[in-house]
Amino acid sequence: NLHSVSSKSYEYQIQVNFDPGEKKIICSQRVKLRNNSSQEYTELFFHIYPNVFKTADSAPFPKADMSRAYPEGFAPGYMIIHNISGNGEPLSYEIDDTILKVKLTRVLKPGKWITIDIDFTDIIPPSYGRYGYGKNTFNIGNWYPILAVYDERGWNKDPYYAVGDPFYSDVATYRVSILAPEGYTIAATGSLEEKKKQGQYVNWAFTAGLVRDFAWVASDGFEVATKTVGDTRLAAYYMKPDVEAGKKALEVGASALEFFNEYFGQYPYKDYAVVASDFYIGGMEYPNLVMIGRQLYSYSDDLEYVVAHETAHQWWYGVVGNNEVKEPWLDEALTEYSTVLYYEHKYGREKGEEIYDKMIYKPYAVYEATRGAGAILRSLDQFSDWMEYSAMIYSRGAIMFKKLEAKIGKDTLHKALRFYYRENMYKNATTSDFIKAINRASGVDWSGYIYKWLQGTEPLQQAA
């Protein structure tokens with residue numbers, strides 16, 4: 001499985017010059033990519049997500065949240081493309097908002113490779129989101145031109161929706177080197193291969209194998225605590241005043257990694273970082289790295305819940321991917337259910353039930369009583385706001401897992417999730433892959449029942 005994926009996977013090499021004073025990064029990127037489809041390519045499409053931060057109207061935050069997203073006031077962020085070449089020849093390109101279309105001079109036939117070089121500069125906005133900077137950290141997520149997925153629908157050119165995590169990507173290997181002023185610490189996807197002083201700067205060289213994205217966080221105020229869990233080095237990055245909470249984040253990350261390793265199957269990467277960030281939304285998952293809003297470091301219970309949830313995402317979204325635009329329930333609902341499993345395992349069944357009731361079931365029941373039930377299986381553009389998205393995707397989705405557990409038994413569901421993980425490592429799974437795993441483990445066809453939940457027709461409470 002691993003070999004067949006890696007022989008077809010893309011390879012990104014990115015050199016970054018990080019200029020915190022000017023709030024920008026100057027980058028050159030080389031991507032070696034293969035046409036893995038049966039169609040000939042005459043053009044390639046890349047997502048250039050920083051462009052969504054260009055105006056206050058396009059910024060991917062609910063209007064009511066703008067003052068929290070930009071506590072110092074709005075300023076634009078965007079990507080400037082300097083030039084693009086393919087196999088050493090200049091290529092022409094067009095930019096449409098967050099989509100970069102690169103026109104090839106020669107057809108790229110199925111199975112053939114091409115090397116694309118892109119020089120670009122990112123202007124970083126003062127945003128407390130996935131991409132931006134605050135008082136303590138620079139959050140650099142979704143920051144480079146990333147190849148769009150080509151699947152049975154053709155090129156996936158979805159916009160950066162303001163609700164949910166609008167990302168869908170294939171796995172690739174990465175070599176990223178970041179030249180940063182001395183005094184900055186960098187947490188990133190992958191493993192630090194080398195850290196070399198160059199005058200007033202330090203070059204941080206990272207490599208990552210078969211991940212679907214690459215993110216990094218920089219700060220001149222990080223403290224770091226580390227621990228080894230199985231074959232993984234866990235690092236917690238936190239701010240000096242938050243030392244107790246920093247240790248708590250490390251301890252939660254370690255128990256979650258340990259439990260999910262044993263419960264779902266081994267985490268295949270050598271490094272995992274839990275990073276305190278100027279991030280107002282709670283937590284955000286990236287491969288081998290999660291951003292945790294610094295405000296949570298004042299609330300031990302919330303910190304534990306969010307770190308456990310984001311760690312579960314390393315399995316569901318990280319190793320087993322999915323189209324988070326079209327089927328966001330696949331990773332979020334399963335991650336939320338996994339968080340409940342973590343509490344049950346660590347504190348016992350009763351505590352697990354209490355957390356499930358408090359964090360998932362009761363808030364959802366209140367939501368449904370006021371706004372009604374809806375479908376779980378739908379794409380991001382079909383949600384009116386974050387509240388509806390959160391209620392259906394996280395809560396109703398996790399409730400579906402708990403009801404399924406009651407129907408087929410916890411052991412059978414456990415077996416199904418192990419199979420689902422093993423079968424879909426490094427791939428993008430779909431709803432039917434999930435159902436296949438349930439049916440295989442149980443020996444019964446549960447698709448009718450699962451679809452009732454997914455379509456919003458299964459009542460929350462069965463009539464007695």
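What is the spin-label model distance, in nm, from residue 351 to residue 375 if the labels are put 7 Å beyond Cα along the C-beta direction?
Taking the two extended label points, one gets 4.0 nm.
Towards the positive end of the charge dipole of the chain, with charges on Cβ (+1 Lys, Arg; -1 Asp, Glu), say which of 438, 395, 184 has the farthest Cα.
Of the listed residues, the answer is 438.
Students often get this wrong, so check it: of 326/402; 103/326; 63/346; 32/427; 247/346, which have C-alpha atoms separated by over 29 Å? Could the numbers behind the result be given before it?
Numbers: 326/402 23 Å; 103/326 27 Å; 63/346 39 Å; 32/427 19 Å; 247/346 17 Å.
Violating the 29 Å limit, Cα to Cα: 63/346.
Can you give me the accessible area per residue for the range 22-63, using a 1.4 Å probe, in Å²? Before the final figure, lay out each step's value.
Numbers: 1760 Å² over 42 residues.
Accessible area per residue: 42 Å².
Leaving out ligands and nucleic acids, note down the accessible area per residue over the range 331-431 with a 1.4 angstrom probe, in whole Å². Could the numbers behind the result be given before it?
Numbers: 4110 Å² over 101 residues.
Per residue, the range 331-431 has an accessible area of 41 Å².
Cα convex hull of the range 87-230: how many Å³ per residue?
Details: hull volume 26.9 nm³, N = 144.
Convex hull volume per residue, Cα atoms: 187 Å³.
Separation between the residue 224 and residue 82 pseudo-spin-labels, each 7 Å from Cα along Cα→Cβ, expressed in nm?
Going by the 7 Å Cα→Cβ label model, 2.8 nm.
Take every DSSP beta bridge with both residues inside the chain and express the antiparallel ones as a percent of the total, to the nearest 5.
Values: 82 of 103 bridges.
Roughly 80 percent of the DSSP beta bridges within the chain come out antiparallel.
I need to check one value: relative contact order of the chain, counting alpha carbon pairs closer than 8 Å and at least 6 residues apart, in percent.
It comes to 13 percent, rounded to a whole number.
Post the alpha-carbon centroid distance, the range 250-321 to the range 1-55, in whole angstrom.
After rounding, the separation between the Cα centres reads 25 Å.
Please work out how much length the chain gains when fully extended from residue 262 to residue 194, using 0.36 nm per residue of separation minus the C-alpha to C-alpha distance, in nm with one decimal. Provide the component values of the computation, followed by the final result.
On the way: separation 68, 0.36 × 68 = 24.48 nm, distance 3.10 nm.
Length difference between fully extended and current span is 21.4 nm.
To the nearest 20 debye, what charge dipole does the chain have about its Cα centre, counting +1 at the Cβ of each Lys and Arg and -1 at the Cβ of each Asp and Glu?
Details: 50 positive and 59 negative charges, 169 e Å.
Rounded to the nearest 20 debye, it is 820 debye.
Just want the answer: with Cβ charges of +1 for Lys and Arg and -1 for Asp and Glu, which residue in 329, 386, 121 is farthest toward the dipole's positive end in the chain?
329
What residues have an amide H closer than 5 Å to that of residue 37, excluding those fewer than 5 places away on the same chain, when H is modeled at 1.01 Å from N in the peptide plane?
For residue 37, whose amide H was placed from the backbone, the distant partners under 5 Å are 111.
Straight-line reach only, C-alpha to C-alpha below 20 angstrom: list the lysines that residue 23 could link to, leaving out same-chain residues fewer than 8 apart.
Residue 23 reaches 54, 135.
May I ask for the Kirkwood hydrodynamic radius of the range 197-288, worked out over all distinct Cα pairs and given in angstroms to one decimal? Mind showing how you got there, number by number?
Working: mean 1/r = 0.0685 Å⁻¹.
When all Cα pairs of the range 197-288 are included, the Kirkwood radius is 14.6 Å.
Note down the Stokes-Einstein diffusion coefficient of the chain in µm²/s, whole number, using a Kirkwood radius over alpha carbon pairs, 37 °C, and 0.692 mPa s. Please report the intermediate quantities before stating the final value.
Working: Rh = 22.8 Å.
Answer from the Stokes-Einstein relation: 144 µm²/s.
Roll a 1.4 angstrom probe over the protein heavy atoms and tell me the percent of accessible area of the chain that is carbon or sulfur. Show your work: numbers first, answer last.
Values: 8960 of 18440 Å².
Ligands and nucleic acids excluded, carbon and sulfur give 49 percent.
Okay, which of the range 306-334 sit inside 14 Å, backbone N to the point 7 Å along the Cα-Cβ direction of residue 358?
Of the residues in the range 306-334, 306 have backbone N under 14 Å from the label point off residue 358.
Cβ neighbours within 10 Å, averaged per peptide: list 153-159, 431-437 in order, most packed at the top.
Values: 153-159: 15.4, 431-437: 17.9.
Taking the mean over residues of other Cβ atoms within 10 Å, the ranking is 431-437, 153-159.
Find how many whole Å separate the alpha carbon centroid of the range 390-417 from the alpha carbon centroid of the range 172-221.
Using only Cα atoms, the two centres lie 38 Å from each other.
Would you please give the FRET efficiency between residue 28 and residue 94, computed as 1/(1 + (r/R0)^6) with r the Cβ-Cβ distance and R0 = 30 Å, to the nearest 0.05?
Working: r = 21 Å, r/R0 = 0.69.
Calculated value: 0.90.
List the longest stretch of the chain that has no exposed loop site; here a site is one of the GluC sites (Glu not before Pro) assigned by DSSP to anything other than H, G, I, E or B, with at most 13 other Cβ within 10 Å. The partial results should precede the final answer.
Details: sites that count: 22, 40, 72, 152, 182.
By the stated rule (loop sites, at most 13 other Cβ atoms within 10 Å), 183-464.
Cα centroids of the range 111-170 and the range 56-106: how far apart, whole angstrom?
9 Å
Rounded to the nearest 500 deg cm²/dmol, what is the calculated helix-only ellipticity per residue at 222 nm for the chain, with -39500 (n - 2.57) per DSSP H run of length n ≥ 4? Present the calculation step by step, with values, prior to reporting the outcome.
On the way: 12 runs with 134 residues, N = 464.
So the helix-based figure for the chain works out to -9000 deg cm²/dmol.
If each of residue 433 and residue 7 carries a label point 7 Å out from its Cα toward its Cβ, how far apart are those two points in nm?
Result for the modelled spin labels: 2.0 nm.
Could you state the accessible area per residue of the range 172-310 in Å², with a 1.4 Å probe and every protein chain left in place?
Heavy-atom SASA per residue in the range 172-310 reads 36 Å².
Taking the radius of gyration and the Kirkwood hydrodynamic radius from Cα positions alone, what is the Rg/Rh ratio for the range 352-464, to two decimal places? Please report the intermediate quantities before stating the final value.
Numbers: Rg = 14.5 Å, Rh = 15.0 Å.
Ratio of gyration radius to Kirkwood radius: 0.97.
The values are calculated or read from the model by the stated rules, or taken from the named source; none is laboratory data. These numbers were taken from a predicted model, which means no experiment stands behind them. A quick note on method: Cβ atoms are made from the backbone with ideal geometry, for glycine too, and the neighbour counts reach across all protein chains shown. Surface areas here come from the heavy atoms of the whole protein model, side chains and all, with no ligands, DNA or RNA. Shrake-Rupley method; radii C 1.70, N 1.55, O 1.52, S 1.80 Å.
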